[in-house]
Every structure is written in C-alpha cells, then in structure tokens.
1. Given R₀ = 22 Å, what would the calculated FRET efficiency be for A166 paired with A64, taking r from the Cβ atoms and rounding to 0.05?
2. Please sort by residue number the GluC sites (Glu not before Pro) in segment 140-214 whose DSSP state is loop and whose Cβ has at most 11 other Cβ atoms within 10 Å.
3. Give the distance, in whole Å, between the Cα centre of segment 84-125 and the Cα centre of segment 1-66.
4. From Cα coordinates alone, what are the radius of gyration and Dmax values for the chain in angstrom?
5. Can you show me the helix-derived [θ] at 222 nm for the chain, built from DSSP H runs with n ≥ 4 at -39,500 (n - 2.57) apiece and divided by the number of residues, rounded to the nearest 500.
6. Give me the tail of P(r) for segment 95-214 as a percent: Cα-Cα pairs with distance above 18 Å.
7. With r as the distance between the Cβ atoms of R30 and D113 and R0 = 41 Å, compute the FRET efficiency 1/(1 + (r/R0)^6) and round to 0.05.
8. Roughly speaking, what is the stretch gain from L209 to E78, that is 0.36 nm per residue apart minus the C-alpha to C-alpha distance, in nm to one decimal?
Amino acid sequence: MGYFITFEGIEGSGKTTQIRKAAGFLAAERIPCLLTEEPGGTGLGRILRKILLDKTALRIGDRAELLLFAADRAQHVEETILPALREGKVVLCDRFSDATTAYQGFGRGLDRDAVRWLNAFAAGSLRPDRTYLFDISPDEGLERVRMRSAENGTNPPEKDRFEGEAVVFHRKIREGYLALAREEPDRFRVFRGSDPVDSLHREVVRDLLELLRR
Ligand SMILES: Nc1ncnc2c1ncn2[C@@H]1O[C@H](COP(=O)(O)OP(=O)(O)O)[C@@H](O)[C@H]1O
Ligand SMILES: [Mg+2]
C-alpha cells in the first residue's frame, strides 16, 4: 500500500498551491504519485462538484449537502484512491473527511455523531496517513480568494457556495479544523498558512520525506 496524504484548511488557506508543489516535488523525485481532490476526482464526483460549488440559486439543505459530499467520497475512495494506493502510489488529496467534519459538522452545525458515522461509511476503513492543515484567519483567506478571482478575470469576483458564506461560518470551520488537529496530533501537521509559499513547501517536503522513509 502507498501513502494517503490529505491537505486541509479554509478557503484561500493555500491547499491547492501546496498540493501542486508537493506533487511536482514527488514527480521530480520519480516517486509515483496521484493528485486528486474532493469534491471531484471521479466522473460522478465532477458532476457533484458542479452541484455543490455552483454559484446559482440551487437550493441544497444542510443534510442534503452532507449526503452529496458523502456520495462523492464513497465513489472517490472506491474508484480512484484505493486503486492508486494498491499500486503503491502516494495519493495527495485536496480535502477529505476532515473537511466534512469541519464544514458540515462545525460550520453547519449538523450532529457530530451523524457526520462521523457517514464519514466512516463513505471512506470505508480508509484514513489518511498524514494530514496537512493550513491554518489562516478567515479575513486573510477570503481576501486571497478575492485576489485569486480577480487574477482569473472574474470581475466582480464570482464566489462559490462556501466562499460566499459569512466570515463567522469560516471562523467556525477554522476552529473545527484546529479541534480535529488537537484530537489527532500524530496524524496532523498544522502549518501557518500566512507563511511564504516556499517556506511552507519546504516544511511539507521535510515531513513527507520523513513519512516515506518509515
Ligand atoms: N503562502 C501564501 N502566501 C501568499 N499567497 C498565497 C499563499 N498560498 C497561496 N496563496 C495565494 O492565495 C490564493 C489562494 O490559494 P489556494 O492555494 O488556491 O488556496 P485554497 O486551495 O486553500 O483555497 C491563490 O491566489 C494563491 O496564489
Ligand atoms: Mg483550492
């Protein structure tokens, strides 16, 4: 079996930036790796991603939202992640079960036991070997998202369903992630998301190499 590594954090914390650099590093080292994301990562997942992140006024209740993320995850684990791990690859995943606990549990306030059970059901027995949490204040993260949208040429910036939520929602998520990291200090590595891109990348690489050497 390979290694399953997840990248977590609020919007704009730098997950996608860091996961791409990590994948680039592994490729340069000729370490077989798969870069994937949630929601998304499968044919079904890409349709669910459109539904879940759509900017239109499609109504999705909190429980329906939770179930759609769980459906995405179940398909992703079975179709994409487990086969890659069986081939011995390092699987780098942009968001996983912790995001559901943080967003739908801590953020939306859904019952924690229900979220825990559904996460376990969707992921089977699969748990990340390592989780990198990029911790940043919602003010800074959301400001970066605004800059990112401006760079991509959408003006006024278009926000997805989560980016459009109030700052208090993102505060709850940040606190949720930090609580999860405190519960499982062996699995989590918490980084300061406001640090420079390159120094964060060096810290990720240092930890990755240590993990892979075991
Ligand atoms: N450490 C950093 N310092 C400054 N800007 C960053 C840093 N990491 C990412 N960014 C920028 O912030 C924006 C959001 O980063 P991104 O990686 O897309 O975050 P996420 O995937 O967590 O939403 C992007 O425009 C990115 O270039
Ligand atoms: Mg991203």
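1. My answer for the efficiency is 0.60.
2. Of the GluC sites (Glu not before Pro), the ones in loops of segment 140-214 whose Cβ has at most 11 other Cβ atoms within 10 Å are E158.
3. Each part's Cα centre sits 12 Å from the other's.
4. 16.5, 48
5. Calculated from helices alone, the mean residue ellipticity at 222 nm is -16000 deg cm²/dmol.
6. In whole percent, the long-distance tail amounts to 60.
7. After rounding to 0.05, the efficiency reads 0.40.
8. 44.5 nm
Laboratory data are not the source of any read-out in this text; all were calculated from the coordinates shown. This one's a predicted model, so the numbers in the text were calculated from it and none came from an experiment. Reconstructed Cβ throughout: ideal geometry from the backbone, glycine too, with neighbour counts over all protein chains shown.
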